[in-house]
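Asker: First the structure, then my questions, so here it is.
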């Protein structure tokens, strides 16, 4: 069956109509949802990405249907969980709440709230649990908590239930590796003043960013290595003029110690080597219009190596 989707999706793998329809259906936005200036996810996202996505919505990279597979899988799981939520007395589920900050309307749609506990369900990879990489999740749930408080519902606990889709029993012996494929992760509940200050600061920054052109935006709010999904691969001692590492270390302290004991600045250096900027290169819808990425590529800088000394 030859079925071509309407924009903004392509269907290069020629998936049949029923699969395309199921995958591309928006299950997050409800017809009863009111408009807002910034959702919780937009607040958490890098400022440059949020503004470019809004400003250039007709010039973003067109996703293929297959790229939405993991989002689809998560939405199917949420739909199944919702049946159980409905059966749980006293639960509030999949509810979008609103508040006003600095004249802007903020919205957020949490998964489940019951007896002061706010729960969210995430499909993720095992490495995120191993590395305790929960920064964005923690901010997101604290925004939801503030929305709930302002709606008259106190929050005393934040919990992520992580569904680990690459979990392997054979890896469970490793330090920090989750012992089962579904694990609870309790996140820090911020004091009210802390999350309110963070939201206010973020809204002001986004409001200012809206007034900037793309060049100023890239200079004032550049995406960080973390934003670009680039992580530390290792710390390496490099011979000057060589592309290959002489020695590699897991920490900067180890690399510096060995360097000071055995090498000289005249012949070697210490560099932090990073993994590729995966989000920029493969997943960011703004990648073809992003000034920061264009400058990085034109300068031949892939952000994969940082000189320590």
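Asker: How about region 1-112: which helices (runs of 4 or more DSSP H) wholly inside it have at least 1 residues that are assigned by TED's automatic domain parsing to the domain that holds residue 148, modelled with pLDDT under 95 and out of contact with any helix residue (DSSP H, G or I) (no Cβ under 8 Å at 6 or more places or on another chain)?
Answerer: Hits in region 1-112: 17-24, 47-55, 69-87.
Asker: Return the residues of region 220-233 that are at negative phi and surrounded by 14 or more Cβ atoms within 10 Å (Cβ to Cβ); say none if nothing qualifies.
Answerer: Answer for region 220-233, where residues must be at negative phi and surrounded by 14 or more Cβ atoms within 10 Å (Cβ to Cβ): 221, 222, 223, 225, 227, 228, 230, 231, 232, 233.
Asker: If you scan region 160-176, which residues turn out to be surrounded by fewer than 16 Cβ atoms within 10 Å (Cβ to Cβ) and out of contact with any strand residue (DSSP E or B) (no Cβ under 8 Å at 6 or more places or on another chain)?
Answerer: 166, 168, 169, 170, 171, 172, 173, 174, 175, 176
Asker: Counting only residues that are assigned to a helix (DSSP H, G or I) and over 16 Å from residue 198 (Cα atoms), how many does region 128-148 have?
Answerer: Looking only at that region, the number is 4.
Asker: Also, I was wondering about something else. Hey, does region 184-196 have a residue that's under 28 Å from residue 55 (Cβ atoms), in contact (Cβ under 8 Å) with a residue 40 or more places away in the chain and exposed (fewer than 14 other Cβ atoms within 10 Å of the Cβ)?
Answerer: No; the residues of region 184-196 include none that is under 28 Å from residue 55 (Cβ atoms), in contact (Cβ under 8 Å) with a residue 40 or more places away in the chain and exposed (fewer than 14 other Cβ atoms within 10 Å of the Cβ).
Asker: Between 233, 282, 297, 247, which is assigned to a strand (DSSP E or B), modelled with pLDDT under 90 and not assigned by TED's automatic domain parsing to the domain that holds residue 52?
Answerer: None of the others qualify; the one that does is 233.
Asker: Taking the conditions exactly as written (within 19 Å of the chain's Cα centre (by Cα) and free of Cβ contacts under 8 Å to residues at least 12 places away in the same chain), does residue 120 satisfy them or not? If you could, list the steps in order and put the result at the bottom.
Answerer: On the way: within 19 Å of the chain's Cα centre (by Cα): yes; free of Cβ contacts under 8 Å to residues at least 12 places away in the same chain: no.
Criteria not met by residue 120.
Asker: Which members of region 43-56 meet the condition of being over 17 Å from residue 138 (Cβ atoms) and under 14 Å from the mean Cα position of the chain (by Cα)?
Answerer: 47, 48, 49, 50
The values are calculated or read from the model by the stated rules, or taken from the named source; none is laboratory data. Remember, predicted model here, so these are calculated numbers, not experimental data. No Cβ is skipped: glycine too gets one built from the backbone with ideal geometry, and neighbour counts run over all protein chains shown.
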